[in-house]
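Here is the structure we will look at.
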Amino acid sequence: MADQRVVYQFPISHYCEKTRWQLDHKELGYATRNLLPGGHRLFSQLRAGVGTLPVLRDGKRLIGDSTRIAYYLEKHYPQVPLLPEESAQRRQVIELEQQFDRYGVHVRRWLYGQLLGRPEVMRAMLAPYALPGLVKKGLAPVIERGVAQLYRVSPEPVAQSQVRLEQGLALIESLIKGDPARYLVGDVLTLADITAAALYAPLLSPAGSPWGFVDETSLPRPVQAVLQGYRERPAGQWLLARYRYDR
Ligand SMILES: N[C@@H](CCC(=O)N[C@@H](CS)C(=O)NCC(=O)O)C(=O)O
């Protein structure tokens, strides 16, 4: 029942997007509840034993972490499966889900490295919460500092994260053999595709995704060029195709 299933989320979190996508793919109804960054831990730690979002409530059960949620959903809602039956392919999907989850950390750090400090980022982050304007104004710099600290958004780690995220793009390209129409494993969408596409999506803000609140043309030229390069290469085209055809 949709009202018994709730995704506790930050709307612009790419890990939350991964969980929403999986639920949507399985046509499982759900409501979303936006938790306030920082305050979310009170709920997530106590109720699901994790410090992060997403947390899924399914009836009486609470499950934290997008990977655990993914396997919970595959087990309890096997319709439209996202894990192949065939064992070699299944192993590959499981491995890729783990790998792209790790690349998601680098996508986030590199992107915050380019965007943190721009007012529209905090505006987008705080938009869903019914708080007085003055409170949001006071919270924004606190959350911004928290984000920078929590995700290690400083020049050296940000530069390293760019190298790492580009390794992930190269991995996508080797799996699809350069063809944006292909899936990562086999001939159908799997958990590997959803994980990779959702976790890289903030770089390209595909239509229908919760990003795109920053006007790319207002970014420094070198950053625009990097993003344009990501969009044009086969991995970027693949990601946009996954959003167009499978999201
Ligand atoms: N491994 C976790 C990572 C989730 C994650 O990093 N979520 C971020 C938002 S993108 C979060 O909750 N950050 C707040 C925090 O760490 O306190 C998952 O797959 O669910």
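How high is the FRET efficiency between V142 and E86 when r is their beta carbon distance and R₀ equals 51 Å, given to the nearest 0.05?
That pair, V142 with E86, gives E of 0.55.
Give me the percent of accessible area attributable to carbon and sulfur for the chain, probe 1.4 angstrom.
Roughly 54 percent, rounded to a whole number.
Could you give each residue of region 217-222 its phi-based ³J(HN,Hα) in whole Hz, using Karplus coefficients 6.51, -1.76, 1.60 with θ = phi - 60°, and x for Gly or Pro?
6, 8, 7, x, 3, x
Compute the Rg/Rh shape ratio of region 41-92: radius of gyration over Kirkwood radius, all on alpha-carbon atoms.
For region 41-92, the value is 1.09.
Measuring from label point to label point, each 7 Å out along Cα→Cβ, what is the Q149 to S218 span in nm?
Going from the Q149 label point to the S218 one covers 2.8 nm.
When the label point is put 7 Å from the Cα of A225 along its Cα-to-beta-carbon vector, which residues of region 151-191 have a backbone N closer than 19 Å?
The answer is 159-160, 162-163, 166.
Please report, largest first and rounded to whole Å, the three semi-axes of the ellipsoid equivalent to region 59-116, where each semi-axis is the square root of five times an eigenvalue of the C-alpha gyration tensor.
Semi-axes (√(5λ), whole Å): 27, 18, 8.
Quick one: Debye curve from the alpha-carbon atoms of region 2-76 only, equal weights, vacuum; give me log10 I(q)/I(0) at q = 0.13, 0.14, 0.19 Å⁻¹ to two decimals.
Values, matching the q order: -0.31, -0.36, -0.68.
So how exposed is Y183, as accessible area in Å² (1.4 Å probe, rounded to 10)?
Only protein atoms counted, so the area is about 50 Å².
Sorting E95, E166 by accessible area (1.4 Å probe), largest first, what list results?
Descending order: E95, E166.
How large is the direction-averaged shadow of the alpha-carbon convex hull of the chain, in nm²?
Dividing the Cα hull surface by four gives the mean projection, 13.2 nm².
Would any residue of region 178-199 have its amide N under 19 Å from a label point 7 Å out along Cα→Cβ of K75? List them or say none.
Hits in region 178-199 for K75 at 19 Å: 191-192.
Go ahead and set up a Gaussian network model of the chain, Cα springs under 10 Å, then flag whichever of L126, L150, L191 fluctuates most.
Its mean-square fluctuation being the largest, the pick is L150.
Excluding ligands, DNA and RNA, what is the solvent-accessible area per residue of the chain at a probe of 1.4 Å, expressed in Å²?
Accessible surface, normalised per residue, equals 48 Å².
Whole number please: convex hull volume per residue, Cα atoms of region 153-247, in Å³.
103
The values are calculated or read from the model by the stated rules, or taken from the named source; none is laboratory data. Here the structure is a predicted model, which is why all the values come from computation and not from measurement. For neighbour counting, all protein chains shown are included, and Cβ atoms are generated from backbone atoms with ideal geometry for every residue, glycine included. Remember, those area values only see protein heavy atoms, side chains included, never the ligands or the DNA or RNA. Shrake-Rupley method; radii C 1.70, N 1.55, O 1.52, S 1.80 Å.
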